[in-house]
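A short write-up of the structure that comes next.
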Amino acid sequence: MADRVERLTNLLALLLETRQPLSLTQIADELVGQYPDKAGARRGAFERDKAALRDIGVPIEQEILSGTDQAGQTRYWIDRDRYELQGLELDPDETRALQVAMAATRPGSSSGQEAMWKIGGGVLDSGAAVAAVVPDAAALPALREAVSGGASVRFRYRDVDRRVDPWGVLLRSGFWYLVGHDHERDARRTYRIDRIDGDVTLDGPATVVRPDDFDPRDAVPDDPKLIGASGDVTEATVRIDAGRAATVIRELGDDRVLDRTEDGAVVVRVPCANLPAFRSWVLGFVDHAEVLGPDDVRADVIGWLEAMA
């Protein structure tokens, strides 16, 4: 059973983001493993959670349905107009700046997340996690100095010495990345900064001019499973059990659903250009997901699990 604070935060997020009111059964299906299986215990836990959220000012609305099939069923949602502060009129850059500032000053804070929801800012980070933490990295000051001063840098990465003209640094999904021109490869490359071995040293003026249209936000995809992709993106076919089907459809979109089985499971297309990120995504479903193909991706996941065992 999930920690109650985690469950309350996830319930708040679910009721804020749903487009249609949800019944208790639908809520329990979405928050898999966070409410008891037995109806009475589930109802009791939900009523306590609902009361706790209302006590802190969350306007949980409810309606009782009529009709032949769903008569008497209660559905719940949060009135965003009443919950969110109005009139701030923040543009996307201002909202993102607040998200980063909140994550940096209140790492892991559920109250910080609630504050962002209050101003309509959504989740602190664009991934699936409820709260984001902005990490520090020892190499960041030197890399920022090199970017602003137009200097080349040297460092060791994956047991190879690199000389790079840095074009920008970017925070994406909880990790800092460096984007620049790698002299040994004579091409643009992206490096995860926490994987740099040892110190970063300045190495004279950069000799490759950064393109005028370069934007570091375009260099690292929002989806970690796409990091490193070039050209056509490799995709895997994954079967997701019925209990998690709604969650994965909401994450990926209806256009990625290949099949819906009679037992409620779905088969979806998932990008897997970055295999470690793809494995992490699959393992997030524990035993509710199965990689069907392609064969090399399935073999990679099986081999990784066997090695872990």
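When a/c is below 1.5 the answer is rounded, else prolate if a/b is larger than b/c, else oblate, so apply that to the range 142-202 with a ≥ b ≥ c taken from the square roots of the Cα gyration tensor eigenvalues.
Numbers: a/c = 1.29, a/b = 1.09, b/c = 1.19.
In terms of gyration-tensor shape, rounded.
Using mean Cβ contacts within 10 Å as the protection proxy, how do 42-52, 147-157 order, highest first?
On the way: 42-52: 15.0, 147-157: 16.7.
Sorting 42-52, 147-157 by mean packing, highest first, produces 147-157, 42-52.
Mind listing the long-range amide H neighbours of TRP167? Cut-off is under 5 Å, sequence gap 5 or more, other chains count too, H placed in the peptide plane at 1.01 Å from N.
HN-HN under 5 Å from TRP167: VAL179, GLY180, HIS181.
Let me check I've understood the local charge: for ASP263, count other residues with C-beta under 14 angstrom from its C-beta, Lys and Arg +1, Asp and Glu -1. What total comes out? Show your work: numbers first, answer last.
Working: positive: ARG239, ARG244, ARG260; negative: ASP29, ASP241, ASP259, GLU262, GLU290.
Charge balance in the 14 Å sphere: -2.
Show me the ranking of peptides 237-244, 58-65 by mean Cβ neighbours inside 10 Å, starting with the highest. If you can, show how the numbers build up before the last one.
Working: 237-244: 19.5, 58-65: 13.2.
Order by mean packing, descending: 237-244, 58-65.
In a shell of Cβ-Cβ distance under 12 Å around LEU178, excluding LEU178 itself, what net charge do Lys and Arg (+1) and Asp and Glu (-1) give? If you can, show how the numbers build up before the last one.
Details: positive: ARG144, ARG162, ARG172, ARG188, ARG189, ARG192, ARG195; negative: ASP165, ASP182, ASP194.
Once all neighbours under 12 Å are counted, the net charge is +4.
Going by a ≥ b ≥ c, the root eigenvalues of the Cα gyration tensor, does the range 240-309 fall in the rounded group (a/c under 1.5), the prolate group (a/b larger than b/c) or the oblate group?
Values: a/c = 1.91, a/b = 1.64, b/c = 1.16.
The shape class here is prolate.
Using θ = phi - 60° and the Karplus relation 6.51 cos²θ - 1.76 cosθ + 1.60, list the HN-Hα couplings for the range 43-52 in order, rounded to whole Hz, with x at every Gly or Pro.
Each residue of the range 43-52 in turn: 4, x, 5, 5, 4, 5, 5, 4, 5, 5 Hz.
From the phi angles alone, apply the Karplus equation (6.51, -1.76, 1.60; θ = phi - 60°) to the range 295-306 and give each ³J(HN,Hα) in whole Hz, x where the residue is Gly or Pro.
With the stated coefficients, the range 295-306 comes to 4, 5, 6, 4, 5, 4, 5, 4, x, 5, 5, 5 Hz.
Please list, ordered by chain and number, the residues whose modelled amide H lies under 5 Å from the amide H of GLU235; skip anything fewer than 5 residues away on the same chain.
So GLU235 has HN proximity to CYS272.
Determine ³J(HN,Hα), in whole Hz, for all residues of the range 154-163 in sequence, where each value follows from phi through the Karplus function 6.51 cos²θ - 1.76 cosθ + 1.60 and θ = phi - 60°; x replaces Gly and Pro.
Using θ = phi - 60°, the values come out as 10, 6, 10, 9, 6, 6, 10, 6, 10, 10 Hz.
If packing is taken as the average count of other Cβ atoms within 10 Å, what order do 268-278, 23-33 fall into, highest mean first? Before the final figure, lay out the partial values.
Details: 268-278: 19.9, 23-33: 17.1.
The packing order, highest mean first, is 268-278, 23-33.
So, counting K/R as plus one and D/E as minus one, what does the shell of residues with Cβ under 13 Å around GLN62 add up to? Intermediate values should be presented prior to the final figure.
Values: positive: LYS50, ARG54, ARG75; negative: GLU47, GLU61, GLU63, ASP79.
Result for the neighbourhood of GLN62: -1.
Which cross-chain or sequence-distant (5 or more) residues have an amide H under 5 Å from the amide H of TYR157, H modelled 1.01 Å from N in plane?
ARG162, ASP197
Computed from the coordinates by the stated procedures, all read-outs in this text should not be read as laboratory data. Remember, it's a predicted structure, so these values are computed and weren't measured experimentally. Neighbour counts run over all protein chains shown; Cβ positions are idealised from the backbone, glycine included.
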